[in-house]
Amino acid sequence: MYDRLKGFRDFYPEEMAARREIVDTVEDACRRYGFRETASPFLEPAEMWTDKSGEDIVDELYAFEDKGERHVTLAPELTPTAARMIAAKQQELSKPIKWFSTRPFWRYEQVQQGRFREFYQTNADIFGTDDPRADAEVIALAAEYLSDLGLDADDVEIRVSHRDILGAVLRSFDSEVDVRAAIRAVDKSEKIDRTEYHDLLHDAGLSYDEAAEFDDLLAATDRDSLSELADTAGTDTARDAVSNLTAVLDAVDDLGAGEFCTLSLETARGLDYYTGVVFECFDAAGEVSRAVLGGGRYDDLIEEFGGQPTPAVGFGQGYATLPLLLERAGVAPEESLSTDYYVLQVGDTEPAAASVTRELRAQGHVVETDLSGRSFGAQLGYADSINAETVVIVGENDLAEGNYTLRDMETGEQETVPVSEFPA
Ligand code: HAM
């Protein structure tokens, strides 16, 4: 027997049924919002990440040299792939471009609650507009399917921030700061203790006093303190960022998703390509500690990939923490199979059983029948194990009289129906 690799998972049918329900709910909302489905390669040139995404994700690449001596990697996320696809066909696509896709990704991560080495994401992104309504649209989309899944604003919190506000505040200090390194430190701040966090800010160039002051400034959680923060930073970039973030939050309110969102400058995101609004969604009760989704605006990436300047905003919804959150909130889909009919064969009734099976399937029902010549009792036991709602008993004696027997598996009640009347 072989073992699975650490951080890789199998999904057996019951588990997969629950997972499918969740993914379908997310994708249905994407379609309703007018996002169109795409698909893309799992293996990509490694430079797509080593050039632009930041050192954290580069450390986690499943990268290797292929037989043609190309440096390739299993994709750790979609965003650079999406940027590559847009840059390649930009002229042909009418804007705004709204895409979604669900697929696996690979990161050599520390395996822990909600973090695996192979995991799935649905990404939803809008390309070709920097209007705050586009940022709001992707946030509202997330709120929409979270609520379709049975979660409300007491269960989840979408924390919204802006990279330029963080950058402007960092640049307002006397010390020379490596803004990217400091932003990566902010991204880690929830997962490490204060001393370690201040050490990372110090490594990025802030003095310890400045690190403490920065930490205090980021505690701002209402729109009024945002304006004060812009004044503290004292630059046009900071003021523009504050008005952009405010416009996005207003547009989110207009789309009815405001109650899901909180302003949280401590949200920074770990990837380097973000340029504006960034957001992450967490369990409001704090029991599931890792983010369930994350995204933001990345207006420069497509140009950096050789395309025309094209603003972009979107997010990745993972499926490792989301089921934990649904479980915590008591709204997880059941891990069970469902079957509409089991066609039970007794005696030499194969052709009749095959015919009724075919007709029921043609009507769109989920139907199973005997494939291994089992006894009546064994077939009934199997029908029960797959949660068949109705068992159609096709017996020699019944057939001779032109009937089937239908057994309701919940009540155990049986009725005889003429072959000519079933299925209706
Ligand atoms: P990310 O924050 O790295 O962003 O991932 C987004 C989501 O994917 C996370 O919130 C989490 O649900 C899930 N995820 C990430 N890593 C793992 C893992 N090791 N195991 C299980 N789930 C995981 C991005 O990937 C960006 N490219 C998203 C984006 C799209 N930004 C703009 N458009």
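The values are calculated or read from the model by the stated rules, or taken from the named source; none is laboratory data. Note that the coordinates shown come from a computational prediction; the quantities given were computed from them, not determined experimentally. Note that each Cβ is placed from the backbone with ideal geometry, even for glycine, and that neighbours are counted across all protein chains shown.
Hey, among Arg70, Arg103, Arg84, Arg107, which residue is surrounded by fewer than 17 Cβ atoms within 10 Å (Cβ to Cβ), in contact (Cβ under 8 Å) with a residue 12 or more places away in the chain, closer than 28 Å to Cys281 by Cα and not aliphatic (A, V, I, L, M)? Walk me through how you get there before you give the answer.
On the way: Arg70 fails: closer than 28 Å to Cys281 by Cα; Arg84 fails: surrounded by fewer than 17 Cβ atoms within 10 Å (Cβ to Cβ); Arg107 fails: surrounded by fewer than 17 Cβ atoms within 10 Å (Cβ to Cβ).
Unique residue meeting the criteria: Arg103.
Restricting attention to region 77-99, and to residues there that are under 15 Å from Pro309 (Cβ atoms), within 14 Å of the ligand (Cβ to nearest atom) and in a helix (DSSP H, G or I), which single residue is farthest from the chain's Cα centre (by Cα)?
First, pick out the residues of region 77-99 that are under 15 Å from Pro309 (Cβ atoms): 83, 86-87, 90-91, 93, 95-97.
Checking the rest, the ones that are also within 14 Å of the ligand (Cβ to nearest atom) come to 83, 86, 97.
With in a helix (DSSP H, G or I) added as a condition, the list becomes 83, 86.
Working: Ala83: 19, Ile86: 21 Å.
The residue in question is Ile86.
Would region 193-200 turn up any residue that is surrounded by fewer than 22 Cβ atoms within 10 Å (Cβ to Cβ), among the acidic types (Asp, Glu) and not in a helix (DSSP H, G or I)?
yes
What number goes with the only condition from (1) over 23 Å from His198 (Cβ atoms); (2) within 16 Å of the ligand (Cβ to nearest atom); (3) surrounded by 23 or more Cβ atoms within 10 Å (Cβ to Cβ) that Leu245 does not pass?
(2)
Considering only region 134-183, state which residues are among the hydroxyl-bearing types (Ser, Thr, Tyr) and under 28 Å from Pro96 (Cβ atoms). Before you say what the answer is, go through the steps one by one.
So in region 134-183, the residues among the hydroxyl-bearing types (Ser, Thr, Tyr) come out as 145, 147, 161, 172, 175.
Once the filter is applied, which keeps residues that are among the hydroxyl-bearing types (Ser, Thr, Tyr) and under 28 Å from Pro96 (Cβ atoms), region 134-183 yields Tyr145, Ser147, Ser161.
Looking for something at pLDDT below 95 and within 7 Å of the ligand (Cβ to nearest atom) - is there at least one such residue anywhere in region 317-333? Can you show your working first?
Filtering region 317-333 for residues at pLDDT below 95 gives none.
No.
Kindly indicate which of Asp231, Asp272 is at pLDDT below 90 and within 21 Å of the chain's Cα centre (by Cα). Give the steps one after another, and end with the answer.
Working: Asp231 fails: within 21 Å of the chain's Cα centre (by Cα).
Just one listed residue meets the conditions, Asp272.
From Phe42, Phe127, Phe119, which residue is more than 30 Å from Ala181 (Cβ to Cβ) and in contact (Cβ under 8 Å) with a residue 24 or more places away in the chain?
On the way: Phe127 fails: more than 30 Å from Ala181 (Cβ to Cβ); Phe119 fails: more than 30 Å from Ala181 (Cβ to Cβ).
Being more than 30 Å from Ala181 (Cβ to Cβ) and in contact (Cβ under 8 Å) with a residue 24 or more places away in the chain holds for just one of Phe42, Phe127, Phe119, which is Phe42.
Is it true that some residue in region 246-260 is closer than 20 Å to Thr102 by Cα and assigned to a loop (DSSP other than H, G, I, E, B)?
So the first thing to find is which residues in region 246-260 are closer than 20 Å to Thr102 by Cα, and the list is none.
Scanning region 246-260 turns up no residue that is closer than 20 Å to Thr102 by Cα and assigned to a loop (DSSP other than H, G, I, E, B).
For region 313-344, enumerate the residues that are over 18 Å from the mean Cα position of the chain (by Cα) and farther than 30 Å from Glu359 by Cβ.
Gly330, Glu335
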